[in-house]
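Asker: Dropping a structure here in structure tokens format, bear with me for questions.
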Amino acid sequence: MKNRTLKLAGWLLLPFSGEAFAAWEHNLQPPVTRIATDIYELHMLMLGICFVVFVGVFGVMFYSIYKHRRSVGHQAEHFHENTTVEIIWTIIPFLVLIAMAWPATKTLLALKDTSSPDITIKATGYQWKWGYDYLKGEGEGISFLSNLSTPQDQIAGDAPKDEHYLLEVDNHLVVPVGKKVRILTTANDVIHSWSVPAFGVKQDAIPGFVRDAWFRADKEGTYRGQCSELCGKDHGFMPIVVDVVSPDKYTAWVAEQKKQSAAAAEDPNKKWTLAELRARGEKVYSTTCIACHQANGKGVPNAFPSLDGSKIVNGPKAAHINIVTNGKPGTAMAAFGKQMSDTDIAAVITYERNAWSNKTGDVIQPSEIGSAKK
């Protein structure tokens, strides 16, 4: 009997052990910034206060019900006009409120202090990817898109998947450890949200508005988040991956990015062949268009139109260029004029007009794209 009692007590105390808290996956992620640590401590403080209030209120209530029940002869008491009771039940909640409001206000003010950043980065939400532009500080001028890197057929199929298959992207955001990074968020189409729990950052990205947040990572590593607004069909496939590296590695990364940008710079007046554009366009289509319009170009009935046999794809080039470049308001068709280079837009349009049953033979040159941008 004694062993059974000890075992029961052990099970009851297990949820309150440090090992259990460390193993639970329903709590916040381990913080790696001062702000995230403050948020975590505030979260635990609020839970503790709520637990104490819960035990106190329900303890008094159940004690009163049991000890002052009619069956043992107690009569109902009246507390009207009892000044002492009214003072007590006013002062105690006031003290509880102050105990909660002070650290919450302090943390909230710190969250909003985006002054004096070392690096400023703009994060633009697209359906369904992130675009990053390094605006100020070391790395200024670097720009790239960040897409989910796991192929759609692997996500939907039975192929083995690692733990990060929905949280891996082709281009990671890279920042140096110990530096204050200001994130400016906006969106190109619908409301998105840039969220990395380990940094204590969750900021909505709203079309036509610029919001900001900041973080200073204290530990090197790779940290992951996701868009946390319901932004459309592929909302669940819009992850965020941030690499926090040493200052030396960051400097080397910046140099490499700028070297690649210089090497990738293309002559907008270059004349491409049909074969060259189709090959490049197929790659662009597989990363940008395939989620909606599908690999076979048939789209998704009642959701995303088919490109195979489409009147726009097989019609005048100008209409096709316009819809890819500027999008279609009121639909999920995004404007890719600011997301992709003129060469990539020309390539994917050329591919679409010469893929599946479409055989227009048209070759769209990059020089034709710039004039169509609004």
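Asker: Name, by its number, the condition in (1) in contact (Cβ under 8 Å) with a residue 12 or more places away in the chain; (2) farther than 26 Å from residue 152 by Cβ that does not hold for residue 332.
Answerer: (2)
Asker: Also: Among 232, 281, 236, 221, which is the only one that is at pLDDT 95 or above and either of a type outside the set (Lys, Arg) or closer than 21 Å to residue 120 by Cβ (or both)?
Answerer: Values: 232 fails: at pLDDT 95 or above; 281 fails: at pLDDT 95 or above; 236 fails: at pLDDT 95 or above.
Result: 221 is the single residue among 232, 281, 236, 221 that is at pLDDT 95 or above and either of a type outside the set (Lys, Arg) or closer than 21 Å to residue 120 by Cβ (or both).
Asker: Does at least one position in the range 123-133 carry a residue that is assigned to a loop (DSSP other than H, G, I, E, B), of a type outside the set (Phe, Trp, Tyr) and surrounded by 18 or more Cβ atoms within 10 Å (Cβ to Cβ)?
Answerer: yes
Asker: In the range 335-374, what residues are among the charged types (D, E, K, R), in contact with a Gly (Cβ under 7 Å, 6 or more places away or on another chain) and part of a loop (DSSP other than H, G, I, E, B)?
Answerer: 373
Asker: If a residue counts only when it is among the aliphatic types (A, V, I, L, M) and surrounded by 13 or more Cβ atoms within 10 Å (Cβ to Cβ), which helices (runs of 4 or more DSSP H) contained entirely in the range 229-334 have at least 2 such residues?
Answerer: Counting at least 2 such residues, we get 274-288, 290-293, 311-314, 317-326.
Asker: Hey, another quick one. Of the conditions (1) within 28 Å of the chain's Cα centre (by Cα); (2) exposed (fewer than 10 other Cβ atoms within 10 Å of the Cβ); (3) more than 30 Å from residue 133 (Cβ to Cβ), residue 105 fails just one. Which one is it?
Answerer: (2)
Asker: Restricting the range 145-184 to residues that are polar (S, T, N, Q) and in contact (Cβ under 8 Å) with a residue 12 or more places away in the chain, which is nearest to residue 256 (Cα to Cα)?
Answerer: Among them, the one singled out is 171.
Asker: Further question: Among the helices (runs of 4 or more DSSP H) confined wholly to the range 1-105, which include 2 or more residues that are at pLDDT below 85 and not polar (S, T, N, Q)?
Answerer: It comes to 2-13, 18-23.
The values are calculated or read from the model by the stated rules, or taken from the named source; none is laboratory data. A quick note: this is a predicted structure, and the numbers were derived from the prediction, not measured. Note: ideal-geometry Cβ built from the backbone for every residue, glycine included; neighbour counts use all protein chains shown.
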